Amino acid sequence: MQIKAPKGTKDILPEQTPAWQLVETAFCKTCHNYNFQEIRTPTFEQTELFQRGVGDTTDIVQKEMYTFPDKAGRSMTLRPEGTAGVIRAYLENGLASAGTPLKLYYILNNFRYEKMGKGRYREFNQMGCELIGSSEPTADVELISLLYSFFQNLGLKNIKLKINSIGCPNCKPAYAKILKDYLRPHLNELCEDCQDRFDRNPFRILDCKIDCDSDIIKNAPLQKDYLCSDCQKHHNRVLEQLDEMDLEYEIDGHIVRGLDYYSRTVFEFVSENVGTQGTICGGGRYDGLIEELGGSSTPAVGFALGVERLLLEMESQNHELAGIAPTDLYILSFPDTINQAAKIAYQLRNQGISAEYDLMNRSFKAQMKYANRIKAKYLIVLGADELKTKKIKLKRMVDGFEEDINLDSLQAKLK
């Protein structure tokens, strides 16, 4: 019986990887423009990291983590998101000594056992940033503006920024009581998950994808109307700077994000296109997470962006996603010239020119077909006469134009 990829995973095939490389390269370039440095963390961590960092009341910890005992019986978990691992690395490696703000970015694969859908997999890829050390509203806007720059670099349109403030430990408890008092009479009308969230994390009810259209949720009191003076001041300054930078946004009091560590600013970039109709990326401030994981009280803000969802969005906007890159030159050779073809290809490749030659002992006709299949830009025939006279014909494959050149000038001509 043929072995297949596990349910919820996906092979990224050679004709698809150029599109991934395109968005990853654009993301790296944008991050470097904002002076963010790349960090890479392990694929699995101690389970406790995510229990404490992501939060025991979240769906991720409750239902979705891939957790297993290692050979020594310690509980390990495949990374379900990027932030907790980055903060663990920050603390373990003494990155606080590097000065503040510390600006980090990552491109990681994550794992969650969740329901699959369009652009949603159990192994999925995220690009994200973490800005550590600044409590200023300008840090929140720094990340939002980075995302605007990234989307503009990709040529994406019709993506809306939705923003909210979910308060801090000083104003959240009072609001939680107000929210629960409102929801309590309607509890039986909500889905099972929301009934379970009522005691553990009532804020998540506002973000429920099942009950989001109900009048109960639509008419619920919102945290943004019950902020303490410090949170309100922070929120106002974020909005003022967005206005000053002409970055459009919509205030959405129902955005709470799905992770326990968020406080104050939370935001999402949402597609307005038919292709995805959902959140492309989300993030916010998490001023208490570093202390929760054993560090000193340190403010931070970050975001994560789903690569699969982003590529779907680009496709829905009719962006031409690059396919397999064409080969610069195919060297059509024969048994008595194969060694020289290999030598020429080696020399060209070392000079940054992609080159191919026959590895299958194909016929002349079969080699021509192969050159067309790999979309070779140019072709030369390397026979015994060509080696002896050092005179070759350089054929441009797109239109069949041929030019007589000296074999020694091939590299310069192709460059």
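Straight-line reach only, C-alpha to C-alpha below 22 angstrom: list the lysines that Lys177 could link to, leaving out same-chain residues fewer than 8 apart. Excluding near neighbours in sequence, the set is Lys218, Lys224. Listed values (i) 24.8; (ii) 23.6; (iii) 22.1 include one computed from this model; for Kirkwood radius over Cα pairs in Å that value carries the label (i).
Only alpha carbons enter this Debye calculation for region 329-414, each as an equal point scatterer, and the log10 of I(q)/I(0) it gives at q = 0.11, 0.16 Å⁻¹ is -0.25, -0.55.
Taking the Cα centre as origin and putting +1 on Lys and Arg beta-carbons and -1 on Asp and Glu beta-carbons, what dipole magnitude results for region 254-337, to the nearest 20 debye? Numbers along the way, then the final one.
Values: 4 positive and 12 negative charges, 71 e Å.
Dipole about the Cα centre, nearest 20: 340 debye.
Here Glu240 and Lys393 are evaluated by their C-beta separation; at R0 = 56 Å the FRET efficiency comes out at 0.25.
Lysine pair count for region 329-414 (Cα-Cα distance under 14 Å; residues 8 or more apart in sequence or on different chains): 8. Which of rounded, prolate, oblate describes region 41-196, given a ≥ b ≥ c as roots of the alpha-carbon gyration tensor eigenvalues and a/c under 1.5 marking rounded, otherwise prolate only if a/b is larger than b/c? Cα axes put region 41-196 in the rounded bin.
Between region 380-396 and region 123-174, the C-alpha centres lie 58 angstrom from each other. Reported to the nearest whole Å, the Cα centre-to-centre distance from region 23-78 to region 331-345 is 49. The calculated FRET efficiency for Tyr113 paired with Lys157, based on their beta-carbon distance and R0 = 35 Å, is about 0.55. Taking label positions 7 Å along the Cα-Cβ direction at both Leu187 and Lys343, the computed distance is 8.4 nm, reported to one decimal.
Each other residue within a Cβ distance under 12 Å of Gly167 adds +1 if Lys or Arg and -1 if Asp or Glu, for a net charge of +1.
Highest first, please rank the peptides 133-141, 77-85 by the mean number of other Cβ atoms sitting within 10 Å of their residues. Show your work: numbers first, answer last.
Values: 133-141: 19.4, 77-85: 23.3.
With the highest mean Cβ count within 10 Å placed first, the list reads 77-85, 133-141.
Comparing Gly278, Gly288, Gly99 in a Gaussian network model of the chain (Cα springs below 10 Å), the most mobile by mean-square fluctuation is Gly99.
For region 203-253, what does the alpha-carbon gyration tensor say about shape, rounded, prolate or oblate, given a ≥ b ≥ c as the root eigenvalues, a/c under 1.5 as rounded, and a/b over b/c as prolate? Judged from the Cα gyration tensor, region 203-253 comes out oblate (a/c at least 1.5, b/c at or above a/b).
In the frame of its principal axes, region 1-116 has Cα extents of 52, 40, 27 Å, reported largest first.
Modelled this way, with points 7 Å down the Cα-to-C-beta line, the labels at Lys413 and Leu91 are 6.4 nm from one another. Straight-line cross-link reach from Lys7 at under 16 Å between alpha-carbon atoms covers these lysines, not counting any fewer than eight positions away in the same chain: Lys115, Lys118. Each peptide in 369-382, 292-305 gets a packing score, the mean of other Cβ atoms within 10 Å over its residues, and the list from highest to lowest is 292-305, 369-382. Ordering Leu190, Cys228, Met127 by Cα displacement along the dipole of region 74-233 toward the positive end leaves Met127 in first place; charges were set at the Cβ atoms of Lys, Arg (+1) and Asp, Glu (-1). For region 118-266, the Kirkwood hydrodynamic radius comes to 17.0 Å, computed from all pairs of different C-alpha atoms. Indicate the gyration tensor shape class of region 256-335 (rounded, prolate or oblate), computed on the Cα atoms with a ≥ b ≥ c the square roots of the eigenvalues: a/c under 1.5 is rounded; otherwise a/b larger than b/c is prolate and the rest oblate. Oblate.
Readers should treat all values here as calculations from the given coordinates under stated rules, not as data from a laboratory. Here the structure is a predicted model, which means the values were calculated and not measured. We place every Cβ from the backbone using ideal geometry, glycine too, and count neighbours over all the protein chains shown.
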